[in-house]
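Have a look at the structure below before the remarks.
The values are calculated or read from the model by the stated rules, or taken from the named source; none is laboratory data. Everything quoted here is computed from the prediction, not taken from an experiment. Glycine gets a Cβ as well: all are built from the backbone with ideal geometry, and neighbour counts include every protein chain shown.
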């Protein structure tokens with residue numbers, strides 16, 4: 001990450017530019033969707049008039065997340081102070097996937113503290129004990145976990161011993177009254193596994209599932225990857241990432257993936273040949289110019 005942090009050097013400056021010129025998204029949001037490499041082939045039913053973006057997304061109400069502060073350092077963090085509400089949203093995990101993991105504990109993969117030495121990670125005494133009981137097949141422990149999932153729900157799952165997938169930090173959330181689009185921003189880093197306890201869980205596919213849940217069935221949804229180079233998902237990733245879904249359900253979710261669009265194309269076609277920042281200092285300077 002560091003100087004090439006994708007959120008700071010790509011997502012923030014590019015979407016700050018777009019929001020600054022048109023907070024409603026009317027001039028750029030539909031075009032951005034059509035630029036996705038899978039837009040034409042997907043059967044997602046997204047029309048060319050998704051409507052105006054929700055007004056609060058353009059506002060600077062969100063405090064810098066801890067990870068962003070760590071990347072930026074104290075001086076740059078103080079300069080930025082706040083980011084748009086569209087950036088760095090925390091979204092709860094999928095209830096269906098959490099439940100499947102608890103009902104199939106033999107499929108969990110205990111995270112390693114040291115991969116080279118194959119040393120397993122340890123947790124607090126109670127969490128360690130409960131997780132060891134669960135993975136060993138203790139039915140009472142499994143039932144207790146399922147009862148707590150029902151009681152707290154995914155919104156209350158943060159830091160719970162039975163939450164084997166955490167909240168998703170979404171790089172950029174674009175939403176209208178009838179469409180929710182989550183942006184996954186990359187530079188040259190690959191799309192990786194995003195769940196410690198289930199390494200085959202693809203980050204983008206996970207985002208699709210949480211987008212579906214967040215939409216609540218009240219609006220359409222999609223995920224778009226923005227990156228330096230083309231990003232494609234391996235065919236087997238869909239089944240590997242969604243073991244709790246039927247083939248039909250996986251196909252339906254897949255139809256909401258808009259594919260990938262390159263940052264250079266966005267900068268050229270939507271941002272008037274915007275010069276993309278080379279480093280954190282350039283990115284912060286550019287972002288501040290939009291305020």
Revision key, fill the gap. Only one of (1) surrounded by 15 or more Cβ atoms within 10 Å (Cβ to Cβ); (2) out of contact with any helix residue (DSSP H, G or I) (no Cβ under 6 Å at 6 or more places or on another chain); (3) assigned to a loop (DSSP other than H, G, I, E, B); (4) free of Cβ contacts under 8 Å to residues at least 60 places away in the same chain does not apply to residue 116, and that is (1)
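Criterion first (over 20 Å from the mean Cα position of the chain (by Cα), assigned to a helix (DSSP H, G or I) and surrounded by 18 or more Cβ atoms within 10 Å (Cβ to Cβ)) does residue 271 satisfy it?
no
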Check your understanding: Which one is surrounded by the fewest Cβ atoms within 10 Å (Cβ to Cβ) among residues in the range 76-101 that are in a helix (DSSP H, G or I) and free of Cβ contacts under 8 Å to residues at least 40 places away in the same chain?
Key -> 78
Revision key, fill the gap. For the range 1-34 the number of residues that are in contact with a strand residue (DSSP E or B) (Cβ under 9 Å, 6 or more places away or on another chain) and not in a helix (DSSP H, G or I) is 1
Practice item. Would you check if residue 126 is outside any strand (DSSP E or B), at pLDDT 95 or above, closer than 23 Å to residue 210 by Cα and outside the structural domain of residue 169 (by TED's automatic domain parsing)? Key: no
Practice item. Identify all residues within the range 238-255 that are modelled with pLDDT under 95 and not in a helix (DSSP H, G or I); write none if there are none. Key: 255
**Study point:** In the range 35-67, residue modelled with the lowest pLDDT [restricted to those that are part of a helix (DSSP H, G or I) and out of contact with any strand residue (DSSP E or B) (no Cβ under 9 Å at 6 or more places or on another chain)]
**Key:** 66
Review point. In the range 123-146, how many are within 29 Å of the chain's Cα centre (by Cα), closer than 15 Å to residue 98 by Cβ and loosely packed, with under 13 Cβ neighbours inside 10 Å?
Key: 0
Review point. Before we move on, is residue 231 modelled with pLDDT of 95 or more and farther than 18 Å from residue 169 by Cα?
Key: no
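Across the range 150-168, which residue is modelled with the lowest pLDDT among those that are closer than 20 Å to residue 111 by Cβ and in contact with a helix residue (DSSP H, G or I) (Cβ under 8 Å, 6 or more places away or on another chain)? Before you say what the answer is, go through the steps one by one.
Of all residues in the range 150-168, those closer than 20 Å to residue 111 by Cβ come to 157-168.
Now narrow it down to the ones that are in contact with a helix residue (DSSP H, G or I) (Cβ under 8 Å, 6 or more places away or on another chain): 157, 160-165, 168.
On the way: 157: 97, 160: 97, 161: 97, 162: 98, 163: 97, 164: 97, 165: 95, 168: 89.
The extreme case among them is 168.
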